[in-house]
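Colleague: This is the structure, below, for whatever I ask next.
Nothing in this text is a laboratory measurement; each read-out follows from the coordinates by a stated rule. Since the structure is predicted, the reported quantities are computational estimates derived from the model, not experimental observations. No Cβ is skipped: glycine too gets one built from the backbone with ideal geometry, and neighbour counts run over all protein chains shown.
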Amino acid sequence: MIEVLVTLVIVSVGLLGAAAMVINGLESNRNAYLRTQASILAYDMADRIRANGAQLASYTGFAFDSAGEDAPDLPGCFTSDAGCDSAGLANADLAQWAGALEGADGGVVLLPAAQGAIVDAGGGDVTITVSWIESQWDDDDEAFADQAQNFVLRFNL
């Protein structure tokens, strides 16, 4: 009887350990997913800027915080038959990017509490920053805590 109880304790501890590994794996997978989404959003905007490089000044200085504001509206030229000029295209790019950060595209929030900023560092160097909140284990508190994460992309036109 005692041998059965000891075996049961050993198996229980092993199953708890396996469950903890699965939970940690799921959390790591989620965090990797969020980093991938931030990377995709940053590179998407970089490609938009490269395609419309003559309007760099229209892109730089743009900052968006999904927690405090709505994404800007698409300009009217975006849906017109005539299309947009390069300045209108820059405004459309920023509106679509802010909408993706906010989760307005299809209602899916890609990053929790997403923020995005575009800065002209001079000499054709551009910095795109995507920030979000990620839940990570805090060893001191022995609990999950929200931590701000950043993905910074620097490129040259």
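Colleague: Loop-only GluC sites (Glu not before Pro) in region 50-157, please: DSSP not H, G, I, E or B, and at most 11 other Cβ atoms within 10 Å.
Modeller: Sites meeting the loop and neighbour criteria: GLU69, GLU142.
Colleague: Using only Cα atoms, figure out Rg for region 1-67 and give it as a multiple of 2.2 N^0.38 Å.
Modeller: So region 1-67 has a normalised radius of gyration of 2.29.
Colleague: Taking the Cα centre of the chain as origin, work out the dipole magnitude from +1 charges on Lys and Arg Cβ and -1 charges on Asp and Glu Cβ, in debye rounded to 20.
Modeller: Roughly 500 debye for the chain.
Colleague: Multiply the residue gap between ALA113 and ASN24 by 0.36 nm, knock off their C-alpha separation, and tell me the result in nm, one decimal place.
Modeller: Contour length minus the Cα-Cα distance gives 29.8 nm.
Colleague: Using θ = phi - 60° and the Karplus curve 6.51 cos²θ - 1.76 cosθ + 1.60, what whole-Hz ³J(HN,Hα) does each residue of region 116-133 get, with Gly and Pro shown as x?
Modeller: For region 116-133, the Karplus-derived couplings read x, 8, 10, 10, 8, 7, x, x, x, 7, 10, 10, 10, 10, 10, 10, 7, 9 Hz, x marking Gly and Pro.
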